[in-house]
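Student: Here you go, one structure.
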Amino acid sequence: MLEQLDKQTLQHIIETSPIGLFLTDKHGKVNWLNPTLAHLLETQPNDFIGQSEQSIAKELKALFSEQGVVRIDSEAEPGKHFICTKQPLDSDAATHIHFVHDASSMHALFQERDELKNIIEEMKAIDPVTGMPNYRAILGALEPQVSRSRRYGNILSVMIIQLTNLNELQKKMGEDQTNELIIACSHMLNDQVRWADMIGHINAHEFLLILPETAEQDTHKLKDILSERFENIQVADMANKELSLNTDFGIAQWDKGMDVPLFIQTARSMLEEIPPEKATA
């Protein structure tokens, strides 16, 4: 067992290491780097020697000052990611050794994982907060209803319910209590609709109701009832903070020539305001 490496072996390890290394002196200037770092940065060693955080190219400054994952953009290869750490080499911390790990392939794997996770989430049929059908599922349920109305002339209406001040409430109540509020809304809706009606939670701020055999006039009557119920919903300490939930309703009755997107858009056009972060349907 070797107790100490000789200088030649140590030099070979440093030069062939898959990790980029460079030293900075007490002035913060680079006075040495290994070939791996020059290869990772696609630069010549002489272009890096003598540089400091102040003098180095803008895209490379993070290598000196930041620790953790940093992104380096260059004309040759934009968006390379590195894990950077540094350690003092002497007791007065005048000289530092910097370690630069190429994390681009790891970052690409994380991106691919997140993209697959999003695809899986989109394929799910259940909203995780309320347990109701999500946007994908409720639109899937609307398709056959529209087909039936197109074929047999059945009356069919939809209602979009928008929780217009949910973002404001979340800032004051926090995410957990806001989710409790959304769940309370879903329970109230389930209690108020008929067995043939369908409800979906299509995004954080909106519910969609499918109302078979319901004319627009009757849908407006339901809207008045629901509006009052929403005003009375309270969770946690909303009353103590004098907070209340505001809603807006978009209603449409199916008419000839309407497909599902046009049907939904007709209901959405009846909303007073459509904040960009809320409008998904």
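Just so you know, all these numbers are worked out from the coordinates, no wet-lab data involved. These figures come from a predicted structure and were not determined experimentally. Don't worry about glycine lacking a Cβ; one is built from the backbone with ideal geometry, like all the others, and counts go over all protein chains shown.
Student: Per the helix-only calculation at 222 nm, which mean residue ellipticity applies to the chain, given -39500 (n - 2.57) for every DSSP H run of n ≥ 4 and division by its residues, nearest 500 deg cm²/dmol? Please list the in-between numbers first.
Tutor: Numbers: 10 runs with 114 residues, N = 281.
Calculated at 222 nm, the ellipticity per residue is -12500 deg cm²/dmol.
Student: Another question, then. Rounded to the nearest 10 degrees, what's the angle between the helix 104-123 long axis and the longest principal axis of the chain, both from Cα atoms, 0 to 90?
Tutor: Compared with the principal axis, the helix lies near 10 degrees.
Student: Same structure again: I need the fraction of alpha carbon pairs in the stretch 124-268 separated by more than 24 Å, rounded to a whole percent. Please list the in-between numbers first.
Tutor: Values: 3207 of 10440 pairs.
Every Cα pair in the stretch 124-268 considered, those over 24 Å come to 31 percent.
Student: Need one number: nm distance between label points at residue 232 and residue 180, each 7 Å from Cα along Cα→Cβ, rounded to one decimal.
Tutor: 2.0
Student: What's the extension gain from residue 90 to residue 59 if we count 0.36 nm per residue and subtract their Cα-Cα distance? Please list the in-between numbers first.
Tutor: Working: separation 31, 0.36 × 31 = 11.16 nm, distance 2.85 nm.
Stretched out fully, the residue 90 to residue 59 stretch lengthens by 8.3 nm.
Student: Let me ask something else. Working out 0.36 nm times the residue gap between residue 97 and residue 27, then minus their Cα-Cα distance, what length gain in nm do you get to one decimal? Could you put the intermediate results ahead of the total?
Tutor: Details: separation 70, 0.36 × 70 = 25.20 nm, distance 1.34 nm.
Difference between extended and current length: 23.9 nm.
Student: If I fit a long axis through the Cα atoms of helix 135-152 and take the longest principal axis of the Cα atoms of the chain, what angle between them do I get, 0 to 90°, rounded to 10?
Tutor: Once rounded, one gets 30 degrees.
Student: Right, next: Hey, can you rank 242-250, 117-125 by average C-beta count inside 10 Å, highest first?
Tutor: Numbers: 242-250: 17.0, 117-125: 10.2.
Per-residue Cβ counts within 10 Å, averaged per peptide and sorted highest first, yield 242-250, 117-125.
Student: For the stretch 31-102, what mean projected area does the convex hull of the alpha carbons give, in nm²?
Tutor: Working: hull surface 19.0 nm².
Its Cα hull, projected and averaged over all orientations, spans 4.7 nm².
Student: Continuing with this model, one more query. Using only alpha carbon pairs under 8 Å that are at least six residues apart, calculate the relative contact order of the stretch 7-108 and give it in whole percent. Don't skip to the end; give the middle numbers.
Tutor: Working: 172 pairs, mean separation 26.2, N = 102.
Computed over the stretch 7-108, the figure is 26 percent.
Student: Extent of the chain along each principal axis, from alpha carbon coordinates, in Å, largest to smallest?
Tutor: 88, 49, 43
Student: As I understand it, the value is the acute angle between the Cα axis of helix 216-231 and the longest principal axis of the Cα atoms of the chain; what does it come to in degrees, rounded to 10?
Tutor: Once rounded, the angle reads 60 degrees.
Student: While we're on this one: Can you quote the Å³ per residue value for the convex hull of the Cα atoms in the stretch 18-59, rounded to an integer? The partial results should precede the final answer.
Tutor: On the way: hull volume 2.8 nm³, N = 42.
Here the figure is 66 Å³ per residue.
Student: Now for a separate question. Gap in Å between the Cα centre of the stretch 149-198 and the Cα centre of the stretch 80-122?
Tutor: Taking the Cα centre of each part, the stretch 80-122 and the stretch 149-198 sit 42 Å apart.
Student: Then there's this: Before anything else, pin down the relative contact order of the stretch 124-268: Cα pairs under 8 Å, at least 6 apart, normalised by residue count, whole percent.
Tutor: That works out to 35 percent.
Student: Quick one: which of 171/241; 124/221; 26/80 span more than 23 angstrom between C-alpha atoms?
Tutor: Working: 171/241 13 Å; 124/221 33 Å; 26/80 29 Å.
Pairs exceeding the cut-off: 124/221; 26/80.
Student: For the stretch 18-138, just the Cα set please: Rg and Dmax, both in angstrom.
Tutor: Rg and Dmax of the stretch 18-138, Cα atoms, are 20.7, 65 Å.
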